[in-house]
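Take a look at the structure below.
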Amino acid sequence: IANVSTVVTERTLIAVKPDGVQRRLVGQIMQRFEQRGFKLVGMKMLQVSEELLSQHYQELRRKPFYPSLLHYMTSGPIVVMVWEGHNVVRTSRIMVGDTNPAEAQAGTVRGDFSIHISRNVVHASDSVEGAQREIQLWFHRKELMDWDCYDHNSTYQL
Ligand code: UDP
């Protein structure tokens with residue numbers, strides 16, 4: 001049984017979708033991850049291609065909403081980020097909230113900034129394996145920074 005105090009360092013992919021960029025929410029969303037204590041290790045703004053999106057959403061290709069999802073995600077630039085820290089995959093899903101904003105708790109990104117499932121502001125990887133796959137898909141190795149946070153010992157146990 002794992003000791004509850006064990007630090008499990010993970011990385012996850014977070015993206016501010018085109019509606020979030022349009023609505024100038026990038027800073028507020030990033031602030032939530034910074035203030036929680038997570039470490040930013042990669043970030044870029046881009047106009048995503050249908051090719052990349054079809055790989056990213058490979059499990060959704062046959063869903064009825066997929067064409068409108070493609071249209072939405074390619075409608076403008078997005079900001080993709082990699083955040084690192086203890087249990088970051090699960091914690092960021094909690095911070096982002098339910099896929100359907102109508103079900104998302106107040107205090108979550110989707111629960112505070114969105115109303116409808118087709119404009120839910122942000123993406124967060126949903127598993128450790130999914131995060132690894134998505135990070136490889138969106139980032140080159142050299143775009144990810146290995147750096148030490150000076151306050152690491154204030155965030156985690158010594
Ligand atoms: N989506 C949608 N309609 C649906 C379900 C999903 O437009 O009925 C979109 C929505 O933007 C969602 C994305 O497809 O964030 C990916 O869906 P997934 O089930 O993977 O949810 P997520 O992991 O983003 O919470």
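The values are calculated or read from the model by the stated rules, or taken from the named source; none is laboratory data. Given the structure is predicted, the values throughout are model-derived calculations rather than measurements. Quick reminder, even Gly has a Cβ in these numbers, built from the backbone with ideal geometry, and neighbours come from all protein chains shown.
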Listed by first then second residue, the pairs whose first member lies in the stretch 52-77 and is more than 16 Å from D126 (Cβ to Cβ) and in contact (Cβ under 8 Å) with a residue 24 or more places away in the chain, whose partner is near the ligand (Cβ under 7 Å from one of its atoms) and part of a helix (DSSP H, G or I), with beta carbons under 7 Å and at least 6 positions apart or on separate chains, are S68/S118; Y72/S118
Enumeration of residues in the stretch 109-119 that are surrounded by 15 or more Cβ atoms within 10 Å (Cβ to Cβ) and either part of a loop (DSSP other than H, G, I, E, B) or in contact with a helix residue (DSSP H, G or I) (Cβ under 6 Å, 6 or more places away or on another chain) (or both): V109, R110, S114, R119
Within the stretch 115-141, track down each residue that is touching a residue at least 60 places away in the same chain (Cβ under 8 Å) and within 10 Å of the ligand (Cβ to nearest atom). R119, N120, V121, V122, H123, A124, S125
Evaluate the following for K44: is it buried (at least 17 other Cβ atoms within 10 Å of the Cβ), in contact with a strand residue (DSSP E or B) (Cβ under 8 Å, 6 or more places away or on another chain) and either closer than 16 Å to L13 by Cβ or modelled with pLDDT of 95 or more (or both)? no
Please find, within the stretch 69-108, the residue that is nearest to Y156 (Cα to Cα) out of those that are of a type in the set (D, E, K, R) and touching a helix residue (DSSP H, G or I) at 6+ places or on another chain (Cβ under 9 Å). R90
Looking at the stretch 145-155, can you tell me whether even one residue there is out of contact with any helix residue (DSSP H, G or I) (no Cβ under 6 Å at 6 or more places or on another chain), surrounded by 14 or more Cβ atoms within 10 Å (Cβ to Cβ), part of a helix (DSSP H, G or I) and of a type outside the set (A, V, I, L, M, F, W, C)? yes
Quick count over the stretch 93-107, residues being hydroxyl-bearing (S, T, Y) and more than 11 Å from the ligand (Cβ to nearest atom), is 0
Residues of the stretch 39-82 being assigned to a strand (DSSP E or B) and either within 13 Å of the ligand (Cβ to nearest atom) or of a type in the set (G, A, S) (or both), in sequence order, are G42, I78
Report, by residue number, each residue of the stretch 1-38 that is crowded, with 18+ Cβ neighbours inside 10 Å and not in a helix (DSSP H, G or I). E10, R11, T12, L13, I14, A15, V16, K17, L25, F38
